[in-house]
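Visitor: Provided herewith is a single structure, encoded as structure tokens, for subsequent inquiry.
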Amino acid sequence: MFSSWGNSFIKTMRTKRLLSRYIFVVSVFYYLFFVFSISQAQKFVFDFENDADLKDWEIIDESPKNIGKGAPSQWFITNGPIKGKALYQSSNTWGTKDDSCLMGTFIIYKGKQFVDFKMDVDVVSDDNDGMGIAWAFEGTQQHYRVIMINDKWPEVPVDKIRGPFMKMQKRVSDDDPWYELMEVKKGITYREKAPLHWQLSVKRGNFRFRRDDGKTIAGIDR
């Protein structure tokens, strides 16, 4: 569900509607809290107050050939800048080795599956390396993601787009070029070391991601 290339805290998450594939997170040092809202106003809330063992979560790092440094990743529950317990990713896991594509580590929630849903996430980033959220995870070679970075990475980007940016992408393989670009917003940054709120909406191949500062990005994949 979440994904990272730096240090981040994840505090809350909610969602709606049953999904056929797992959702995951890509992260670089962040705290996370999230809530899943399912149809008929059914909600799943994860605040990590009672999930210290992460028994329903699976941590997956990119393969060694796609990681520049920082593996293995470190995900754990701790007190953070968001009130209460939060999920924290503390390793500076990044890639690729030639710094051409943002790679990192994923943590996947496997306790339930979701189809059409909305997911709300509260997050704090400890640095500028990049963070994001991903869904429909079938493996490192097949998923979707939204990523954002404040730094000027990648140094020599495979898609010719250097940061800062916010992108929505579709993963197509574990080899160059790794992702297909669905949409990009150039020059967009995020507040570091401050609480952020995200919402991801997935419905019949239509994807929309919105931040609490009003920045949005969307894509369609039928």
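Visitor: For region 185-200, which positions are out of contact with any Ser or Thr (no Cβ under 9 Å at 6 or more places or on another chain) and crowded, with 16+ Cβ neighbours inside 10 Å?
Guide: I188, T189, P195, W198, Q199
Visitor: Now for a different question. Might you check whether a residue that is of a type in the set (A, V, I, L, M, F, W, C) and touching a His at 6+ places or on another chain (Cβ under 6 Å) occurs anywhere in region 120-134?
Guide: So the first thing to find is which residues in region 120-134 are of a type in the set (A, V, I, L, M, F, W, C), and the list is 121, 123-124, 131, 133-134.
Still in the running and touching a His at 6+ places or on another chain (Cβ under 6 Å): 134.
Yes, there is a match, as at least one residue in region 120-134 is of a type in the set (A, V, I, L, M, F, W, C) and touching a His at 6+ places or on another chain (Cβ under 6 Å).
Visitor: Does G219 meet the test of being over 14 Å from the mean Cα position of the chain (by Cα) and within 21 Å of I108 (Cβ to Cβ)? Quick ask: steps written out before the conclusion?
Guide: On the way: over 14 Å from the mean Cα position of the chain (by Cα): yes; within 21 Å of I108 (Cβ to Cβ): yes.
Yes: the conditions hold for G219.
Visitor: I've got another one for you. With respect to the numbered conditions (1) among the aliphatic types (A, V, I, L, M); (2) crowded, with 24+ Cβ neighbours inside 10 Å; (3) in contact with a Lys or Arg (Cβ under 8 Å, 6 or more places away or on another chain), which one is the sole condition not fulfilled by M166?
Guide: The single condition M166 does not satisfy is (2).
Visitor: On the basis of being out of contact with any strand residue (DSSP E or B) (no Cβ under 9 Å at 6 or more places or on another chain), outside any strand (DSSP E or B) and not basic (K, R), does D175 make the cut? First the steps, then the outcome.
Guide: Numbers: out of contact with any strand residue (DSSP E or B) (no Cβ under 9 Å at 6 or more places or on another chain): yes; outside any strand (DSSP E or B): yes; not basic (K, R): yes.
So D175 passes the test.
Visitor: Now for a different question. Please pick out the residue among K170, K185 that is assigned to a strand (DSSP E or B), in contact with a His (Cβ under 9 Å, 6 or more places away or on another chain), more than 30 Å from K83 (Cα to Cα) and at pLDDT 95 or above. Steps first, answer last, please.
Guide: Values: K185 fails: in contact with a His (Cβ under 9 Å, 6 or more places away or on another chain).
Answer to the check: K170.
Visitor: Here are some residues: W178, W153. Which one is crowded, with 18+ Cβ neighbours inside 10 Å, on the phi > 0 side of the Ramachandran plot and among the aromatic types (F, W, Y)? It would help to see each step written out before you state the result.
Guide: Details: W153 fails: on the phi > 0 side of the Ramachandran plot.
Criteria check complete, one pass: W178.
Visitor: For region 128-146, name all the residues that are assigned to a loop (DSSP other than H, G, I, E, B) and either of a type outside the set (S, T, N, Q) or within 12 Å of the chain's Cα centre (by Cα) (or both).
Guide: Scanning region 128-146 gives D129, G130.
Visitor: When both residues are 6+ apart or on different chains and their Cβ atoms are under 7 Å apart, which pairs have a first residue that lies in region 147-175 and is among the small types (G, A, S), and a second that is outside any strand (DSSP E or B) and surrounded by fewer than 23 Cβ atoms within 10 Å (Cβ to Cβ)?
Guide: Listed pairs, sorted by first residue: G163/N150; G163/D151; G163/K152; G163/W153; S173/Q141.
The values are calculated or read from the model by the stated rules, or taken from the named source; none is laboratory data. Since we're looking at a predicted model, the values are computed, not measured. No Cβ is skipped: glycine too gets one built from the backbone with ideal geometry, and neighbour counts run over all protein chains shown.
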